1. Can you name the residue in the stretch 24-53 that is in a loop (DSSP other than H, G, I, E, B) and surrounded by 12 or more Cβ atoms within 10 Å (Cβ to Cβ) and, of all such residues, is farthest from the chain's Cα centre (by Cα)?
2. I need the full set of residues from the stretch 54-63 which are in contact with a Ser or Thr (Cβ under 8 Å, 6 or more places away or on another chain) and either surrounded by 14 or more Cβ atoms within 10 Å (Cβ to Cβ) or hydrophobic (A, V, I, L, M, F, W, C) (or both), in order please.
3. Only one residue in I56, I61, I18, I30 is at pLDDT 95 or above and either in contact with a helix residue (DSSP H, G or I) (Cβ under 8 Å, 6 or more places away or on another chain) or on the phi > 0 side of the Ramachandran plot (or both). Which one?
4. Go through the residues of the stretch 64-78 one by one and say whether even a single one is assigned to a loop (DSSP other than H, G, I, E, B), free of Cβ contacts under 8 Å to residues at least 24 places away in the same chain, surrounded by 11 or more Cβ atoms within 10 Å (Cβ to Cβ) and hydrophobic (A, V, I, L, M, F, W, C).
5. I need a count of the residues in the stretch 15-41 that are of a type in the set (D, E) and over 23 Å from I61 (Cβ atoms).
6. Could you identify the single residue in P45, P49 that is modelled with pLDDT under 95, touching a Lys or Arg at 6+ places or on another chain (Cβ under 8 Å) and closer than 15 Å to T74 by Cβ?
7. Among the listed residues I13, I56, I18, I7, which satisfies the condition of being without any contact (Cβ under 8 Å) to a residue 12 or more places away in the chain and of a type in the set (V, I, T)?
8. Where residues in the stretch 7-21 are outside any helix (DSSP H, G or I) and under 11 Å from the mean Cα position of the chain (by Cα), which of them is farthest from E33 (Cα to Cα)?
Amino acid sequence: MAIKLLIVEDHPIVRLGINMLFENLEDVFIMGETGSVSEALHLIPAFQPDVVLMDIELSGINAIATIKDLHPETVVVA
(Lines give C-alpha, C1' and ligand atoms only; values in the text may rest on other atoms or scores of the structure.)
Protein backbone atom coordinates (compact mmCIF):
# COMPACT_ATOMS: atom_id res chain seq x y z
CA MET A 1 0.00 0.00 0.00
CA ALA A 2 1.50 3.31 -1.09
CA ILE A 3 2.00 6.24 1.27
CA LYS A 4 -0.23 9.13 0.20
CA LEU A 5 1.87 12.33 0.11
CA LEU A 6 0.87 15.98 -0.17
CA ILE A 7 3.67 18.48 -0.89
CA VAL A 8 3.30 22.04 0.44
CA GLU A 9 6.14 24.35 -0.65
CA ASP A 10 5.90 27.95 -1.84
CA HIS A 11 9.02 27.90 -4.05
CA PRO A 12 8.11 26.24 -7.38
CA ILE A 13 11.64 24.99 -8.12
CA VAL A 14 11.98 23.41 -4.66
CA ARG A 15 8.49 21.88 -5.03
CA LEU A 16 9.53 20.43 -8.41
CA GLY A 17 12.69 18.96 -6.87
CA ILE A 18 10.74 17.36 -4.03
CA ASN A 19 8.27 15.96 -6.54
CA MET A 20 11.13 14.48 -8.58
CA LEU A 21 12.56 12.80 -5.46
CA PHE A 22 9.33 10.93 -4.76
CA GLU A 23 7.65 10.46 -8.16
CA ASN A 24 9.44 7.22 -9.09
CA LEU A 25 9.08 5.50 -5.73
CA GLU A 26 6.60 2.65 -5.89
CA ASP A 27 5.56 2.99 -2.27
CA VAL A 28 4.81 6.74 -2.44
CA PHE A 29 1.84 8.29 -4.26
CA ILE A 30 1.95 12.08 -4.62
CA MET A 31 -1.68 13.10 -4.15
CA GLY A 32 -1.06 16.75 -4.89
CA GLU A 33 1.08 19.77 -4.35
CA THR A 34 0.48 23.39 -3.51
CA GLY A 35 2.36 26.55 -2.71
CA SER A 36 -0.07 28.01 -0.20
CA VAL A 37 -1.17 27.22 3.33
CA SER A 38 -4.78 28.16 2.59
CA GLU A 39 -4.98 25.70 -0.29
CA ALA A 40 -3.23 23.03 1.80
CA LEU A 41 -5.86 23.45 4.51
CA HIS A 42 -8.53 22.62 1.91
CA LEU A 43 -6.58 19.76 0.31
CA ILE A 44 -5.69 17.95 3.54
CA PRO A 45 -9.28 17.04 4.50
CA ALA A 46 -10.20 16.39 0.85
CA PHE A 47 -7.23 14.12 0.04
CA GLN A 48 -6.60 12.70 3.54
CA PRO A 49 -2.87 12.18 2.90
CA ASP A 50 -0.78 9.94 5.14
CA VAL A 51 2.07 12.47 5.07
CA VAL A 52 2.11 16.22 4.45
CA LEU A 53 5.58 17.42 3.52
CA MET A 54 5.37 21.12 4.35
CA ASP A 55 7.86 23.97 4.27
CA ILE A 56 8.40 25.26 7.81
CA GLU A 57 8.02 28.92 6.76
CA LEU A 58 5.42 29.49 4.08
CA SER A 59 5.04 33.14 3.09
CA GLY A 60 5.69 34.34 6.63
CA ILE A 61 3.35 31.78 8.23
CA ASN A 62 4.75 29.33 10.77
CA ALA A 63 3.47 26.06 9.34
CA ILE A 64 4.24 24.03 12.46
CA ALA A 65 2.23 26.38 14.68
CA THR A 66 -0.60 26.44 12.14
CA ILE A 67 -0.84 22.65 12.02
CA LYS A 68 -0.63 22.31 15.81
CA ASP A 69 -3.37 24.93 16.26
CA LEU A 70 -5.71 23.32 13.72
CA HIS A 71 -4.93 19.67 14.43
CA PRO A 72 -3.40 19.26 17.91
CA GLU A 73 -3.45 15.45 17.58
CA THR A 74 -1.14 15.57 14.54
CA VAL A 75 2.46 14.51 15.02
CA VAL A 76 4.80 17.16 13.58
CA VAL A 77 8.34 16.17 12.66
CA ALA A 78 10.60 19.13 11.93
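The values are calculated or read from the model by the stated rules, or taken from the named source; none is laboratory data. All of these numbers come straight from a predicted model, not from anything done at the bench. Ideal geometry is used to build each Cβ from the backbone, glycine not excepted, and the neighbour counts take in all protein chains shown.
1. Keep residues of the stretch 24-53 that are in a loop (DSSP other than H, G, I, E, B), which gives 24-27, 35-36, 48-50.
Applying the additional criterion that residues be surrounded by 12 or more Cβ atoms within 10 Å (Cβ to Cβ) yields 25, 35-36, 49-50.
Numbers: L25: 17, G35: 9, S36: 10, P49: 9, D50: 10 Å.
Out of the qualifying residues, it is L25.
2. Just the residues of the stretch 54-63 that are in contact with a Ser or Thr (Cβ under 8 Å, 6 or more places away or on another chain), to begin with: 58-59.
Within the stretch 54-63, L58 is the sole residue that qualifies.
3. Details: I56 fails: at pLDDT 95 or above; I61 fails: at pLDDT 95 or above; I18 fails: either in contact with a helix residue (DSSP H, G or I) (Cβ under 8 Å, 6 or more places away or on another chain) or on the phi > 0 side of the Ramachandran plot (or both).
Answer to the check: I30.
4. yes
5. Keep residues of the stretch 15-41 that are of a type in the set (D, E), which gives 23, 26-27, 33, 39.
Among the residues that remain, those that are also over 23 Å from I61 (Cβ atoms) are: 23, 26-27.
Result for the stretch 15-41: 3.
6. Working: P45 fails: touching a Lys or Arg at 6+ places or on another chain (Cβ under 8 Å).
Every option except P49 fails the conditions.
7. Details: I56 fails: without any contact (Cβ under 8 Å) to a residue 12 or more places away in the chain; I18 fails: without any contact (Cβ under 8 Å) to a residue 12 or more places away in the chain; I7 fails: without any contact (Cβ under 8 Å) to a residue 12 or more places away in the chain.
Exactly one residue qualifies, and that residue is I13.
8. Narrowing the stretch 7-21 to residues outside any helix (DSSP H, G or I): 7-11.
Restricting the remaining residues to those that are under 11 Å from the mean Cα position of the chain (by Cα) gives 7-10.
On the way: I7: 5, V8: 6, E9: 8, D10: 10 Å.
For the stretch 7-21, the residue satisfying everything is D10.
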